[in-house]
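The values are calculated or read from the model by the stated rules, or taken from the named source; none is laboratory data. Just so it is clear, the model here is predicted, and its values are computed rather than measured. Cβ: placed from backbone, ideal geometry, glycine included. Neighbour counts: every protein chain shown. Just so you know, the surface numbers come from the protein's heavy atoms only, side chains and all, with ligands and any DNA or RNA stripped out. Shrake-Rupley method; radii C 1.70, N 1.55, O 1.52, S 1.80 Å.
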Amino acid sequence: MENELATAGGFIERYDHMILSEAMKAMYGNSGFYNVGDWTNNPATLEAACEALVIKHLDQVAMQPDPIRILDAGCGLGTGSGVIAQRFGNAHVVGINISEKQISFAQEVHAGIDFRVMDATRMEFPDEYFDLIVSVEAAFHFDTRKDFLDCAYRKLRPGGQLIFSDMLLNNTDWVGNWSVPAANLITDINNYTKLCTDTGFQLLQCIDIKHFSIKGFCNYLRTSMQLTDLANGLENSVIAYLLTSLKKQ
């Protein structure tokens with residue numbers, strides 16, 4: 001595992017530099033969130049929008065009783081994992097991230113959550129272990145998205161759900177050419193859903209929420225941060241921002 005993580009060192013170093021920078025922390029109000037948010041209800045802050053996006057994922061959970069073993073794949077600095085733990089108070093929540101620095105941060109801030117350094121495409125858990133896997137705005141970074149889907153399918157119990165947000169991109173100039181493997185550059189939603197179902201999942205939902213996510217975030221960049229060029233470039237590079245719910249049958 002250590003050697004596998006080392007091969008991704010360039011990605012990890014760049015991502016750490018970005019997400020742990022003082023400018024990025026300030027932008028997100030030192031909240032530990034790092035996503036584009038859900039702007040459906042006109043949240044007052046970026047932090048509130050980010051929390052709303054995590055909750056939007058959890059609103060897609062369609063199982064009874066509530067999930068007991070939950071994985072947050074690509075958990076960033078762990079704040080989203082904290083939202084999951086609040087929503088499902090009786091669950092054992094695990095957060096994984098390929099970055100040791102980000103996991104260290106999460107462990108210091110969010111006691112009671114099981115954070116581990118791990119590649120989401122090579123998860124070191126028993127098969128059929130989790131009831132629910134959540135991944136917020138990370139799958140297009142995974143090397144590869146297909147490997148993540150295959151691995152998630154194996155780690156879910158029958159009847160378990162994978163709920164995740166993901167981007168289809170025209171280009172990677174604005175999100176970082178280094179951050180998206182070429183194999184993940186799917187541009188057609190039909191091909192995307194086929195990738196999901198070819199893994200064996202039942203497709204419960206795949207909806208484009210670009211208007212309420214990336215567009216809202218870009219409007220925030222323009223009006224609150226005066227980052228017009230970044231906002232225009234990012235918005236134009238995103239074909240779709242997909243919220244997908246899959247079930248293992």
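Of note:
- Screening residue 215 on (1) touching a residue at least 40 places away in the same chain (Cβ under 8 Å); (2) open to solvent by less than 60 Å² (accessible area, probe 1.4 Å) shows it passes everything except condition (2).
- Residue check, residue 137 on the phi > 0 side of the Ramachandran plot and either part of a helix (DSSP H, G or I) or surrounded by 22 or more Cβ atoms within 10 Å (Cβ to Cβ) (or both): yes
- Flag if residue 125 is surrounded by 16 or more Cβ atoms within 10 Å (Cβ to Cβ) and either more than 18 Å from the chain's Cα centre (by Cα) or modelled with pLDDT under 95 (or both): yes
- Qualifying residue in the stretch 187-198 (condition: in contact with a Phe, Trp or Tyr (Cβ under 9 Å, 6 or more places away or on another chain) and either open to solvent by 10 Å² or more (accessible area, probe 1.4 Å) or under 28 Å from residue 43 (Cα atoms) (or both)): no
- Residues (under 17 Å from residue 129 (Cβ atoms), among the small types (Gly, Ala, Ser) and surrounded by fewer than 24 Cβ atoms within 10 Å (Cβ to Cβ)) located in the stretch 67-90: none
- Number of the exception - residue 26 against (1) part of a loop (DSSP other than H, G, I, E, B); (2) over 28 Å from residue 130 (Cβ atoms); (3) of a type in the set (Gly, Ala, Ser): (1)
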